[in-house]
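Structure first, commentary second.
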Amino acid sequence: MGTHTKPVFIVGSGRSGTRTMFRMLTGAEGLEIHHEYLCNAIQRIAARYYMGLTSEDEAKRLIAPLHGAAIHYASDAVWADSSNKLSWLIRPLGEMFPTAKFLAIVRDGRKVTSSFYYKLREEMYDDDSVEILRTWLRDQVSLPEPPPEKRYWWNIPRSDQFLGSAFPNFDRLRRVAWHWAENCREITERFAELPDDRVKLVRLEELTRDEELLKRTIDFIGIDYDPVYSDYLQTPRNVFVPIDFQLTRAQEAAFQEIAGPMMTRMGYVGEKAYHVSY
Amino acid sequence: MSPTSLSCDACATPLTSAFYSPLHSRRGVAVFVCSQCGLTQSGFQPYARDRRQTLSADADWGNVRHGKGLRFEAVCGLVEGLDLSRVTDILDVGSNRGDFLRWVQQRHPHAAIWAVEPDERIVDYRHSPGVNYRKGKLEDSDLPQEKFGFVYNCQTLEHSNSAVAMLQTIWRAMRPGALMLLDVPNISSIGHSDIVEEFFIDKHVFHFDPSSLRRLVEAAGFEIVSPRGGEDPFNITLLARKIEMMPEPSGYGQGTLPLDNAALIRAYADTLHRNRERLARLVETKLRPLAKRQRVAYWGAGRIFDALVKYGGLTSSDLHLLVDKYLAGLMPETHGIPIQRPETLRLHEPQVVIVLARSGESAIASRAYAMGIRHVLKFSELLEQVTDIAVTPAAIDL
């Protein structure tokens, strides 16, 4: 690791503002920031680690020539990567990089779920890719491991993990809802293991409205605040398709069944899903 | 045929009161449900037949003659699974543009094909080797008795003046034990919440549900060998075998079918009306703003597109490109918008493709992804966004 370079890992569920943070901060003085750095490699490591196929030591060994090397050769004061994949690797990353900070961006699970569901149909938990991974998990001897391509490596829980027994019967919407809830659980539990000054969790909705919170967040990352950041967040960014998709009644019911308790835990209790103006 | 003197084709019960009259019918269509057996059929005012091509979402849709090609792709797998190697004579009922016929010619060149089709304009196979083309409707054709070892009857029975008579004619022309593949639209599909196209079009006399079709086929002297269902809610496909003796027509018990079909049609009329009103909101709040931000292509130039234009107010400035695999080449344009081949997506590189289709919706979406389109939206899901969302517009803009 570069002597003075401090790593910052910006984590979240995806479709929650991690890429927005990257776009907003890229080029900032003293910061080298990436979005989903070496994603194909990291996502596979993260999924294998979550699913118990890769030990913590092995995960660290695999991350070392990737993020480890990048941070080692970095010249800026802060080296950051915003990536939902890193959410599953907080524990090994925290141990590998003792000065690293973790910023979690959490967004209303209904908006995350509808965004993934409608706008990334072929890339996230599509039926075919899930079946391929599931089949391989059952027979790792005679079948080749799925390639390190994004669509294959979305976590499938073991039966002893959150809703692991029910997961095989989930449709795609339920899988996406599960991802959000489980991602939030992983982040909050891993954050609880780290010192307070190394972790910060903010809700995207508050970050866009509360400039003071934004200032504190930028300060946490370790760079200077610029008022343009607040302006930047007033417009939706990283918009794949500028249509505001809402969950249907049936989808909302399915979502709440899986992610309702986590919604409460993340402070979204009683709030209506909001509309996004593009 | 006049609605005032109509009787049920299956059980001859007089059909006295119409349940439904679709918009923009050129034939004054009135839809009846038989109070005894539940068969749904249309009655018509006298009309002058025309072959004007329209892609209308209303009852006047017709004469494009591409539906059978679409359906052949869907049922082809079922036909491929049959052993036709020893079949010497095949009957193609309503041979249309010859999709099935050409397939048979390639795979079973030994077989003679009788092709019955009234619309000569689309027949380019009349002189093909092994093809015996008969111009006209099947009911008017002079078919030999007990000749055919296989009958392909796809999306035709619903057009007949008498479904019973057509099935009986086919039965007589089939060899004992021969198979018929029968495929018709499924009236049950009108129960879908996202329907915007008129189901009861001028071209269709009969509107089968799985129960009434099965009864009709069995009463005509067939046993159902392989009913198919579930995978395509929009059509009923079955394989029927001619059994030795043609039984006396009977067995049209009342059951709940008459009431079920009547309720289905009433609910459909209400849903269709409401959905068409919602199309304007869909265009205004979703599709038009989208087109202002991104290059949007529509895949599907048929009836849903017509509904979006006619009832939703979609205009040529709301889209970048309109493509359709089947209609491109058959129709140069619709509403002044050129219909292009899907392959042209490569040239125009739209950021979003909106799929306007029914049973082919997922297949088209997959095809669009395969062509490198990253963002593909389905009409059914878009309509849900103005009909069935869990919340009303609220609070926070992000």
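Helix B:210-219 and the long axis of chain B differ in direction by around 10°, with both axes built from C-alpha atoms.
Computed on chain B, with alpha-carbon pairs under 8 angstrom and 6+ residues apart, the relative contact order is 14 percent. Using alpha-carbon positions, what is the distance between the centroids of region B:342-392 and region A:206-278, in Å? When both Cα centres are located, 26 Å separates them.
Alpha-carbon geometry of region B:64-252: the Rg and the Dmax are 15.8, 47 Å, given in that order.
The mean number of Cβ atoms from other chains found within 10 Å of a Cβ in peptide A:247-253 is 4, as a whole number. Of the DSSP beta bridges with both residues in the protein assembly as shown, give the percent that are antiparallel, rounding to the nearest 5. So the antiparallel bridges amount to about 30 percent of the total.
Tell me what the protein assembly as shown gives for mean residue ellipticity at 222 nm when only DSSP H runs of n ≥ 4 count, each as -39,500 (n - 2.57), the sum divided by the residue total, rounded to 500 deg cm²/dmol. Before the final figure, lay out each step's value.
Numbers: 22 runs with 229 residues, N = 676.
Computed mean residue ellipticity for the protein assembly as shown: -10000 deg cm²/dmol.
Beta-bridge orientation, chain B: approximately 45 percent antiparallel, per DSSP, counting only bridges with both partners inside.
Seen from all sides and averaged, what is the projected area of the convex hull of the Cα atoms in chain B, in nm²?
20.7
Accessible surface for B:D50 stands near 60 Å², nearest 10, in the context of the full protein assembly shown (1.4 Å probe). Label separation (A:R61 vs A:N40): 2.3 nm, computed from points 7 Å beyond Cα along the C-beta direction. The Cα center of region B:1-44 and the Cα center of region A:68-118 differ in position by 66 Å. For the residues B:I190, B:I337, B:I90, a GNM of chain B with alpha-carbon springs under 10 Å puts the largest fluctuation on B:I337.
Looking at region B:64-252, the DSSP beta bridges with both ends there are about 40 percent antiparallel.
The values are calculated or read from the model by the stated rules, or taken from the named source; none is laboratory data. Not measured: the values here are computed from a predicted model. Please note: Cβ atoms are built from the backbone with ideal geometry, for glycine as well, and neighbour counts cover all protein chains shown. What goes into the accessible areas is simple: the full protein's heavy atoms, side chains included, and nothing from ligands, DNA or RNA. Shrake-Rupley method; radii C 1.70, N 1.55, O 1.52, S 1.80 Å.
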